[in-house]
Every structure is written in C-alpha cells, then in structure tokens.
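A quick write-up on the structure given underneath.
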There are 2 protein chains.
Amino acid sequence: MKWGALEDEACSLARTIAVIGDRWTLLILRECFLRTRRFEAFQSSLQITRHLLSERLKKLVRFGILRRVPYQDSPKRYEYILTQKGLDLYPIIMAMVRWGDIHMADERGRPLLHEHKKCGKLFDPVMVCSECGEVLAAKEVHVHPGPGRPVSALATAHQHRSDE
Amino acid sequence: MKWGALEDEACSLARTIAVIGDRWTLLILRECFLRTRRFEAFQSSLQITRHLLSERLKKLVRFGILRRVPYQDSPKRYEYILTQKGLDLYPIIMAMVRWGDIHMADERGRPLLHEHKKCGKLFDPVMVCSECGEVLAAKEVHVHPGPGRPVSALATAHQHRSDE
DNA sequence: GCCTATAGTTCTAAAATTGAACTGTCAAAT
DNA sequence: ATTTGACAGTTCAATTTTAGAACTATAGGC
C-alpha cells in the first residue's frame, strides 16, 4: 500500500496514520514536544540517519505539522517548530505515553512524570466524553456513519457488524 | 534502528511505539475495535498482504494485545480478540481519530460519528488532567524525571532544556 | 474426485531504511 | 591565507522490509 492511498480513505484514523503512522515520525514528534528544534539536535538525540531525518522533516512541513523557520542568516539556517496543527497532536502522544506507563513500565516505575501547571499536581492524561465528562471505554461507544462517509466505503461493512 | 531497541528505551512513548508504531499494526487495531476477528476478514478489509498480516498478528499476540482463540475444531481455526491490554489502546486510537476529524476531514465532514452509550450523546473524545479535569494542552504540562529513568538516559538532556 | 472456505507459508521483485561519505556556507582560530 | 569546525543537508551502495502472487494444509459438501 502507498502512503497516499491512506490519506484518501474515508477514515479519520487512516488519514492520521498517513501523516504520523510511522516509527521515526512519532519519535521526531516526541523530540519536538521536548523542545528540540534543530536538525543536528534531532539527529544526535534520535540516532536517526540524516537521510531519513531530512525526509521526515520535509513530510511534516508539507503536512503543516512543523514550520521551517530561519533562525540566522549567513549561513542561512532553519529550525523546525510545531504549528498549532502539530501541537494538537499532543493528546495522541500523551495517550501513547499513558499506555506505555501502564503496560510497558519496568519494576522501577515510569520514566517521566507530568505536572499540570494549572493545578500544580502530578497527573495522568485521561480521555473523557466531551458531553458528560465520563472516562471513555471502547465498550461504551457506538459508531454511526457521518456526513463524510461515502456509502460505498470500506468501513460500511464494519458498521453493520458494529451495530450488533 | 531495530524494533527491540525501542522497547528498551527509558521512555513510555518509545515503548509504545515499539508495539504499535507502524501503519499496518494501527490499521489492524482499527479493525479489531470494529469487531473484526478473523484472518480472512482482516485481509479482505485492509488489503494487507497475507504475509504481513500473519506477521503483525503474531506480534500483537506476542505482546499480549490480542489473544488467539480457537473457534472451531477440524479444521482447527482461530480468531484474534483484544485483551484488556489491547482494549486499553482505545484512547490512542480515539485521539488519532479526533485529530483526523479536526485536521484531515474534507468539506463533507467527518466519516464517523461516535455516540456515548452512557449519556446517549454524540461526543468528541477529549484528553483531560486526571487531577483537575481541565482539558490538556502541551504548554500546560511540565515534565519531571520519574523513578524509572536512569540518570544517564537519553532524555536527560531534554529535561534540562524543557526546564527553561 | 473436485470445488470451496479458512488460515496460513513460501518465493521473487520492488521499495524503504541504514551507514557512511560527501557538499556547501560561513565564522573563528592559526 | 589557510585550516578547522559547526550546521544542514545530499548522495550512493548495501541491507532490510514490504508487496504481490502462488502455493500448502485441513475439512465439508456436491
């Protein structure tokens, strides 16, 4: 399958995967959220090959996740900064961190703790329903076709089954 | 980089990426949450090659995300069911769906709508602070080293910078 | 016997990734 | 004036992964 095909699927998950659904892109984003901005810094902290790093950064810029901003002239140099679209990826990253904390931590506990500046406490990121505020679980959710889904779409078949 | 190396990093995100950080695995999980259970069903709805599907399912079983359960004898056939560890990936999937809904939807709107059975309303999944319940944003979060992080770890350098 | 269904495995070709070296611009040091 | 080093990449051969297609195995039904 080609990456482009994913972008065109009538599925928001597939479209997101088309943008950030690979190992290096996700790791690059981790660095971005830890304030890394420059090519050399990404390269040395991730041990990614320069070739791939260059490719991935271009892709993230193309999708509007990062902005390539000059930070000096002569020689002209650029750094990569998260756009709002990029910052909006934060819940995805945090959801993955949370799952790793719960299911992949070793005996010594989680590698990083997170403090919420607003309330001052160490916290866990929790996903809730926007309407009632309850913690979300897969079994509590029922899926409906939305306006953006063609009747012929692949996912249609699933819908019937998920109506069980 | 090898996948195994990621598992061993002192970073919950890296460890999660080691398990689900590739395109096909994420798509397979989408199908799982839409109640797909069988090899042929995964294969025909995803158009993944049988070879890769087989490989990825094995990996998900190895990591305890799916359970391979016999559903008939003679010939013996199996289906793949999400474990609790697998069900716990739901927030990650939903966070990705949400981002796609916001940033990758076309003019016609989102492909799927989600109803929360508990409250009966169409909702969006929102990530909040477990302590104060406020919606989370990257800028509101401050990172600290946790017990599971070796002093020498790669992430240490970032920590200093993120303390700015 | 032959066809179909299901769940895989095997094989070759094509694509992506790795590793290492190389390019170009400029500032600072010798 | 020349060399060295920092930074942001690009290029290219070798290795690894993925795609695509064909093949295997077990059993029920015609």
Run the dipole for the protein assembly as shown about the Cα centre, Lys and Arg Cβ at +1, Asp and Glu Cβ at -1, nothing else charged, and hand back the magnitude in debye, nearest 20. 760 debye
Positive dipole terminus of the protein assembly as shown, leading residue within B:ALA14, A:VAL126, A:LEU57 (C-beta point charges): A:LEU57
Just need the Rg to Rh number for the protein assembly as shown, please, alpha carbons only, Kirkwood Rh. 0.96
Spelling it out for A:LEU112: with amide H atoms placed in the peptide plane at 1.01 Å from N, the residues 5 or more places away or on another chain with amide H under 5 Å from its amide H are B:SER12, B:GLY146
Using the Cα gyration tensor of segment B:24-102, with a ≥ b ≥ c the square roots of its eigenvalues, what is the shape: rounded (a/c below 1.5), prolate (a/b larger than b/c) or oblate (neither)? prolate
Evaluate the charge dipole of segment B:60-157 about its Cα centre and quote only its size in Debye, nearest 20, assuming +1 on the Cβ of each Lys and Arg and -1 on the Cβ of each Asp and Glu. 500 debye
Average partner coverage of A:44-56, which counts Cβ from other chains inside 10 Å: 1
For the table A:LYS139/B:LYS118; B:LYS2/B:LYS59; A:LYS2/B:LYS2; A:LYS139/B:LYS85, the rows whose alpha-carbon distance is greater than 19 Å are A:LYS2/B:LYS2
Determine the calculated [θ] at 222 nm for chain A from helices alone, applying -39500 (n - 2.57) to every DSSP H run no shorter than 4 residues and normalising by the residue count; nearest 500 deg cm²/dmol. -12500 deg cm²/dmol
Classify segment B:89-149 as rounded, prolate or oblate from the Cα gyration tensor: take a ≥ b ≥ c as the square roots of its eigenvalues, call it rounded if a/c is under 1.5, otherwise prolate when a/b beats b/c and oblate if not. prolate
Quick calc, chain A, dipole around Cα centre from Cβ unit charges on Lys, Arg (+) and Asp, Glu (-), nearest 20 debye, gives 900 debye
What residue among B:MET104, B:PRO91, B:LEU66 has its Cα farthest toward the positive end of the dipole of segment B:66-107, where the charges are +1 on Lys, Arg and -1 on Asp, Glu, each on the Cβ? B:LEU66
A student applying the Cα gyration tensor rule (rounded when a/c is under 1.5; otherwise prolate if a/b is larger than b/c, oblate if not) would label chain B oblate
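Read-outs throughout are calculated quantities, based only on the coordinates presented, and are distinct from any laboratory measurement. Everything numeric here is computed off the predicted structure, so don't read it as measured data. We place every Cβ from the backbone using ideal geometry, glycine too, and count neighbours over all the protein chains shown.
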